[in-house]
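Working notes, beginning with the structure itself.
Only the coordinates and a few stated rules stand behind these numbers; no lab work does. Remember, predicted model here, so these are calculated numbers, not experimental data. Using ideal geometry, Cβ is built from the backbone for each residue, glycine included, and neighbour counts are taken over all protein chains shown.
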Amino acid sequence: MESKINKNFCIQPFVNVTTRVGGQNNICCAMVQRHSNIQNESPHEFFNSKRVQSIREKFLKGETLDACKLCHFQEAKTNSSARTVYNNFYKIDNNQPIEYYEKIIDRLRLKNIKNPLYAEVHISNLCNLKCLSCNEADSSKFHAENKALGISENPEADYSTFDKNKIDALNSIIHDNLLFLDIRGGETLMVPEVKKILNEISPDKAKKITLRIQTNGTIKPDQEWIQIFKKFKREKLTISIDAYGNDNHYVRYPSNWKKIMDTLTHLEKNDVHFSINTVVSNLNLLVLDKLFAWIQEKQYHNYFYVLESPSHYRPDNLPQSLLDIASERLQNVKKDFVNKDCNEKLDELIEMCKSKSNTLRWQTFCKEIAMRDKYRKNSITSVMPQIKEYMNAKV
Ligand SMILES: C[S@@+](CC[C@H](N)C(=O)[O-])C[C@H]1O[C@@H](n2cnc3c(N)ncnc32)[C@H](O)[C@@H]1O
Ligand code: SF4
């Protein structure tokens, strides 16, 4: 009898714990489920809980969870999802017979593992910027703006304070098995408590762990931070930049290009590894060519991610004539990225610009931009003068 193909296996519950900014523990960042919080369960306890054990058993049998619907939705559209990316990261093939995954778990000795190998922590939303595509749970500045505009989803929430639960949560996952500590933000380099905890990790422990920190590049890490980076097996800083020069100031408001350049020079001088990460949206699509040319000229390693949410900032939510301009500009960009995957992704982006625009959310985009521009006293026309005639128009 032919064995059953497991179309739903995901490695995440066997290796990962993700803690969101509100304290929710989860098995991954893509999962839509809120079943545990650091107020009553540490990430370590959550990883060892019966709930997570039962998710592992389900995945080994080829079953899935309602909470994984985002991945299945994306796979139906593009054949790829967080699930497939995570499996690939551990060199695990997708859509294999049930026994294949049982053998992998045995071979990797993950069956009775007590501690996660990978911890992704969104521990504080303290941030000095309010990038347009961001949200109030990730940025304290964005939260403050939403409150001032009377549109906050949760005006009472305070995700920036660092209490004992957060300290215990972070400490609970820093243990001997941990291979990757991935600290998201907020702007982690601004959080003294995180710095203190990382400082206190013994060099012996740290040298087994890869530390990843995402940063907006405006905070130049001091020597204490540099020493922290150097203590780890490997440091991976991801510098988020969405446009070149002043255009970045608008999209990632109120970032400062000179400060970012200063940080990059400082990191290079101190031999700290970093790459550039860009979120592609309709806010930067028309000026991406300048950013990509600069990244290639500097020969920086980079990634770019095409924004999905909020949907009004998706890159194809632009009038076709603007997509045509973007396509023409992007076609003039050399395909000389250090990260060769980006050459292929650039072709896909150009193809996306050539296919039909999808402006169902155009009015939402215009309303949102008008509201934020008025409050911030700036204008999207500084990045895209061509947009003026389309703002609030039927497209
Ligand atoms: C929320 S930030 C926190 C870390 C740090 N403050 C930074 O900007 O790098 C993490 C990453 O999410 C990206 N990001 C912002 N808005 C996004 C969106 N709507 N969809 C996906 N990623 C987004 C940022 O550019 C950044 O690379
Ligand atoms: S710097 Fe990061 S956390 Fe802060 S607003 Fe921008 S994307 Fe959000």
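Once the dipole of the chain is set up with Lys and Arg at +1 and Asp and Glu at -1 on Cβ about the Cα centre, which of Ile183, Ile213, Tyr118 lies farthest towards its positive end?
Of the candidates, Tyr118 comes out farthest on the positive side.
Angle check, please: helix 69-78 long axis (alpha carbons) against the longest principal axis of the chain (alpha carbons), in degrees 0 to 90, nearest 10.
It is inclined by approximately 60 degrees.
Give me Ser275, Ser36 ranked fewest to most by other Cβ atoms within 10 Å of their Cβ, as a rough exposure proxy.
Ser275, Ser36
Sort out for me the Cα centre separation of region 150-206 from region 347-395, rounded to whole Å.
36 Å
Is the shape of region 8-82 rounded, prolate or oblate, going by the alpha carbon gyration tensor and its root eigenvalues a ≥ b ≥ c, with a/c under 1.5 for rounded and a/b larger than b/c for prolate?
Judged from the Cα gyration tensor, region 8-82 comes out oblate (a/c at least 1.5, b/c at or above a/b).
Cβ neighbours within 10 Å, averaged per peptide: list 150-160, 259-269, 216-226, 183-193 in order, most packed at the top.
The packing order, highest mean first, is 183-193, 216-226, 259-269, 150-160.
Restricting the count to DSSP beta bridges whose residues both fall in the chain, what percent are antiparallel, rounded to a multiple of 5?
Around 15 percent of the beta bridges assigned by DSSP in the chain are antiparallel ones.
Nearest 10 degrees, 0 to 90: what angle lies between the long axis of helix 50-61 and the longest principal axis of the chain (Cα atoms)?
80 degrees
Which of the peptides 370-378, 122-130 is most tightly packed, and how do the rest follow, going by the mean number of other Cβ atoms within 10 Å of each residue?
Taking the mean over residues of other Cβ atoms within 10 Å, the ranking is 122-130, 370-378.
Would you mind getting me the FRET efficiency between Asn135 and Ala76? Use the beta-carbon distance for r and R0 = 30 Å, nearest 0.05.
Result of the calculation: an efficiency of 0.75.
According to the square roots a ≥ b ≥ c of the eigenvalues of the Cα gyration tensor, what is the shape class of region 303-361, taking rounded for a/c under 1.5, prolate for a/b larger than b/c otherwise, and oblate for the remainder?
In terms of gyration-tensor shape, oblate.
Compute, for region 206-304, the length of the dipole vector about the Cα centre, with Cβ point charges of +1 (Lys, Arg) and -1 (Asp, Glu) only. Units Debye, rounded to 20.
Charge dipole of region 206-304: 540 debye, to the nearest 20.
Tell me the label-point distance for the pair Asp106, Cys29, using the 7 Å Cα-to-Cβ offset, in nm and rounded to one decimal.
So the label points at Asp106 and Cys29 sit 3.4 nm apart.
If I take every Cα pair under 8 Å that is 6 or more residues apart in region 5-107, average their sequence separation and divide by the length, what percent do I get for the relative contact order?
35 percent
Determine the distance separating the Cα centre of region 230-268 from the Cα centre of region 70-128; give it in Å without decimals.
Region 230-268 and region 70-128 have Cα centres separated by 29 Å.
Explain nothing, just the number: relative contact order of region 282-395, from Cα pairs under 8 Å at least 6 residues apart, as a whole percent.
31 percent
Scattering from the C-alpha atoms of the chain alone, worked out with Debye: what is log10 I(q)/I(0) at q = 0.07, 0.14 1/Å?
One equal scatterer on each Cα of the chain leads to -0.35, -1.41.
Taking the Cα-to-Cβ direction at Val306 and at Glu63 and moving 7 Å from each Cα, how far apart do the two end points lie in nm?
3.5 nm
How high is the relative contact order of the chain, given as a whole-number percent (alpha carbon pairs under 8 Å, six or more residues apart)?
11 percent
Show me the three semi-axes of the equivalent ellipsoid for region 191-295, from the C-alpha gyration tensor (sqrt of 5 times each eigenvalue), largest first, rounded to whole Å.
After scaling each eigenvalue by five and taking roots: 29, 13, 12 Å.
In what sequence, highest mean first, do 292-302, 13-23, 247-257 appear when ranked by Cβ atoms within 10 angstrom?
Taking the mean over residues of other Cβ atoms within 10 Å, the ranking is 13-23, 247-257, 292-302.
Could you tell me what % of all Cα pairs in region 282-395 have separations over 23 Å?
The answer is 31 percent, as a whole percent.
Rounded if a/c is under 1.5, else prolate if a/b beats b/c, else oblate: with a ≥ b ≥ c from the C-alpha gyration tensor eigenvalues square-rooted, which is region 37-120?
Oblate, since a/c reaches 1.5 and b/c is not below a/b.
What is the spin-label model distance, in nm, from Lys354 to Ile113 if the labels are put 7 Å beyond Cα along the C-beta direction?
4.3 nm
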